[in-house]
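Below: one structure, written as structure tokens.
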């Protein structure tokens, strides 16, 4: 009988946790059946599943109240009892009720993946109510998986979980996919050969603070031709387009929407930017390094530790917008520096973030969780 894994996501839209889960389902968990629950009914990430992966997409009516809801808990409990999965896998705060429903008299083993925070817990804020809810929901036999050392520290010192309950597995990617990307089959983003392309790939959510990127781009002082590429989609898109218009950069700012082939976008960029208020171990950063790009980024989560020494001068605290702007200006004016840092970033990504090590660690986790 095929073992079933029940995944509960706040959203199954394209993002870091979803990208990693798809990768695991396509490889080391390809012999399992996967049920994906998306609480916002967005299943766009499912396009990345290989055709041979047995799966079901399940929408459920979940009441969003900001705190554990008795009807939601009953619904999740019934779902787990009905499906009887080999394991329940929950992702981030938005799925905490599913974890809580399996807490007392657990029906199946449980793994909780914590990849980061939304805007309400950005910039180091931790809400007391959520701390206590996490402690209760995950205090049984749950295994808690984190991809960053920053989150590992939060789980130990603030959430107060024992080290034996925590599993630190850094994210990894197929670096060759990004190092050897081709753009021949798609319309070019660059409108003339001299343009310098600055860009990002990101969900358009408040905590990603793409507004900051638009302001940085608008303040660049150069006669060089520039274009800003924003790949990704989300609720903030209209507001961001309006801001680009008000800043006078609409003509040189291109919103390309959600992309399934980030390597194609990155292959055309000259500089990658990350302007988030909160991150942990962002996939986009690793992908940009693997693509050989220099990076200007806010120093959040593990970002500073992820980048090699040559790229360290181009990160700054989220509040230091003037410094971020000066760093971006410097890279715009120095093509030699862009090439040098990009080459070092590519080598560093291959040496430090190759997906084989990640897959081996997840193989070990799941072989312990689901023997045989």
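Can you tell me the convex hull volume per residue for the stretch 3-53, based on C-alpha atoms, in Å³ to the nearest whole number? Please report the intermediate quantities before stating the final value.
Values: hull volume 3.2 nm³, N = 51.
Cα-based convex hull of the stretch 3-53, divided per residue, equals 62 Å³.
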The stretch 85-146 versus the stretch 201-221: alpha-carbon centroid distance in Å: 30 Å
Mean-position separation - Cα centroids, the stretch 271-321 and the stretch 4-31, in angstrom: 25 Å
Residue-averaged [θ]222 nm for the chain, counting only DSSP H segments that reach four residues, each worth -39500 (n - 2.57): -11000 deg cm²/dmol
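Roughly what % antiparallel, to the nearest 5, for the DSSP beta bridges in the stretch 202-339?
Numbers: 1 of 10 bridges.
Of the beta bridges lying entirely in the stretch 202-339, close to 10 percent run antiparallel.
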For the stretch 326-372, projected area of the alpha-carbon convex hull averaged over all directions, nm²: 4.8 nm²
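Quick one: if you take sqrt(5λ) for each eigenvalue of the C-alpha gyration tensor of the stretch 175-352, what semi-axes come out, biggest first, whole angstrom? Each step should come with its number before you reach the end.
Details: eigenvalues 91, 70, 57 Å².
Three semi-axes, in Å: 21, 19, 17.
Sorted by mean Cβ packing within 10 Å, highest first, what order do the peptides 288-301, 195-208 take? Show your work: numbers first, answer last.
Values: 288-301: 25.4, 195-208: 21.6.
Packing order, densest peptide first, comes out as 288-301, 195-208.
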Stokes-Einstein D in µm²/s, Kirkwood radius over Cα pairs - the chain at 25 °C with 0.890 mPa s viscosity: 114 µm²/s
Using distinct alpha-carbon pairs, which all enter the 1/r mean, Kirkwood radius of the stretch 223-273 in Å: 12.0 Å
Longest to shortest principal axis, alpha-carbon extents of the stretch 1-102, angstrom: 37, 30, 17
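If the viscosity is 1.306 mPa s and the temperature 10 °C, what Stokes-Einstein diffusion coefficient in µm²/s follows for the stretch 18-170 when Rh is the Kirkwood radius over Cα pairs?
On the way: Rh = 16.3 Å.
This corresponds to a translational diffusion coefficient of 97 µm²/s.
How high is the relative contact order of the chain, given as a whole-number percent (alpha carbon pairs under 8 Å, six or more residues apart)? Spell out each step's value before the answer.
Details: 681 pairs, mean separation 53.6, N = 372.
Averaging sequence separation for qualifying contacts and normalising by length gives 14 percent for the chain.
Which value, in Å³ per residue, describes the convex hull spanned by the Cα atoms of the stretch 181-228? Let's see the in-between values first.
On the way: hull volume 4.7 nm³, N = 48.
Enclosed volume per residue, from the Cα hull, is 97 Å³.
For the stretch 52-133, what does the convex hull of the Cα positions come to per residue, in cubic angstrom?
Numbers: hull volume 10.4 nm³, N = 82.
Dividing the Cα hull volume of the stretch 52-133 by its residues yields 126 Å³.
Coordinate-derived values only; no laboratory data. Small disclaimer: the values here were computed from a predicted structure and weren't measured. Virtual Cβ from ideal backbone geometry, glycine too; neighbours counted across all protein chains shown.
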